[in-house]
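Each reported figure results from applying straightforward, stated rules to the coordinates on display, with no laboratory input. Quick caveat: nothing in here was measured; it's all calculated off a predicted structure. Positions of Cβ are backbone-derived with ideal geometry, glycine not excepted, and every protein chain shown enters the neighbour counts.
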Amino acid sequence: MSSTETVSAPIDKSQIRNAATVIALRDRKTEPKVLMGQRGAKAVFMPNKVVFPGGAVDPGDAGIPLAAPIPMPCADRLEEESEPGLVHALGAAAIRELWEETGLILGRPGSWASPPPADWETFAATGHIPDASALRFVFRAITPPGRPRRFDARFFVLDADEAVVSDLDDFSAACDELSNLQWIPLAEARSFDLPFITEVVLAEVQQRASDPTPPASVPFFANNAENRAFKRLRGLVDLKNRPD
C-alpha cells in the first residue's frame, strides 16, 4: 500500500455520519485475539459480514461524562480534518457501541451526576462511568459512494485485558445486532467473510498487535465521488510545526 497522498475533491459530509469502531484485543503479548461478530442477513449495511463492534455517533454522545478522555497524541490526530469538539463524542460512542453490541464495560466505578440519556441507562446501571483513556486511534476510513449508508469511521484498538472491567467472555448484556460474538485468533481473522476495509484494518493491526503505543501516523482512506484518496494523519500539532 502506497503512502502517497492523492489530491481529491472536497467530500460531501451531508450524507456521511461520524462513527467509532472498537478493535478489542486480548492476549496481545502471547496469542492475540480480536473480538468480532456477524451482522444479520437483513441488515441494510454490510449484511452477513463479520465485523468489529461499532456504530454511528449519537447526538447525545457529546454530553456524556467521561472519567478520562482519549489521550494524546490520539486526540490530536482525531482532530485533524475533523469538525471541532468531535473527539469527546467519538470516545463516548466507542464505549457505548462496545457496551451495546458486546456487553463489555469500558469504565470506572462511579455514579452519574445527572440521569443518563435513554441509550446510556443500561450502562449507567452497571455502576460505571465511561472511560476513554485506553482507546488508541489507529485508522480512519470513509465509506465509498454508492453504498446504502456512509460513515466516517474512526477505528480504536483497545487492550481488553487491561481496560475492560467486566468478564471478557460474558456477552449476556449484548443486544442482538451482532451474532456469533467470539474472540478470533488475530492470525485467522482475515479468513472470515469480512468487509474490504476490515481486512485492511486487520492487516494494520496485525503489524502492531504487541505494541500498545499509538502509531506515528494514522492511515486515512478519504473516499469521495471521484477517487479513493489515501492520507496519513499526523495531528494538528505536527501540522503547525511542519516547515512550509
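Nearest 500 deg cm²/dmol is fine: what mean residue ellipticity at 222 nm does the chain get from its DSSP H runs of n ≥ 4 alone, each adding -39,500 (n - 2.57), divided by its residue count? Numbers along the way, then the final one.
On the way: 6 runs with 49 residues, N = 244.
Value at 222 nm, helices only: -5500 deg cm²/dmol.
Only bridges whose two residues both fall in region 13-241 count here: according to DSSP, what percent of them are antiparallel, nearest 5? Could you put the intermediate results ahead of the total?
Details: 28 of 40 bridges.
About 70 percent, rounded to the nearest 5.
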**Complete:** For mean projected area of the Cα convex hull in nm² the list reads (1) 15.2; (2) 12.6; (3) 13.5; the calculated value is entry (3)
**Fill in**
For residue 57, the residues 5 or more places away or on another chain with a placed amide H closer than 5 Å to its own amide H are 18, 19, 20
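Computed FRET efficiency, Cβ-Cβ of residue 216 and residue 196, R0 30 Å: what is it to the nearest 0.05? Working shown, then result.
On the way: r = 25 Å, r/R0 = 0.82.
About 0.75, to the nearest 0.05.
Work out the FRET efficiency for residue 188 and residue 56 from their Cβ-Cβ distance, taking R0 = 35 Å, and round it to the nearest 0.05.
On the way: r = 29 Å, r/R0 = 0.82.
The value I calculate is 0.75.
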**Request:** Identify, among 30, 78, 186, the residue whose Cα sits farthest towards the positive end of the charge dipole of region 13-241, taking +1 on the Cβ of Lys and Arg and -1 on the Cβ of Asp and Glu, with the dipole about the Cα centre.
**Result:** 78
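Is there a quick way to get the dipole size of region 109-216? I mean about its Cα centre, with the Cβ of Lys and Arg at +1 and of Asp and Glu at -1; what is the value in debye to the nearest 20?
On the way: 8 positive and 17 negative charges, 138 e Å.
In debye, rounded to 20, region 109-216 gives about 660.
Under a Cβ-only charge scheme (Lys and Arg +1, Asp and Glu -1), can you give me the dipole magnitude of the chain about the Cα centre, in debye to the nearest 20? Don't skip to the end; give the middle numbers.
On the way: 26 positive and 34 negative charges, 136 e Å.
Here the chain has a charge dipole of around 660 debye.
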**residue 48/residue 203 FRET efficiency (R0 22 Å; Cβ-Cβ; nearest 0.05)** = 0.55
**Asked** Separation between the residue 83 and residue 179 pseudo-spin-labels, each 7 Å from Cα along Cα→Cβ, expressed in nm?
**Response** 3.6 nm
**Item:** Per DSSP, loop trypsin sites (Lys or Arg not before Pro) in region 101-185 with at most 14 further Cβ within 10 Å
**Value:** 149
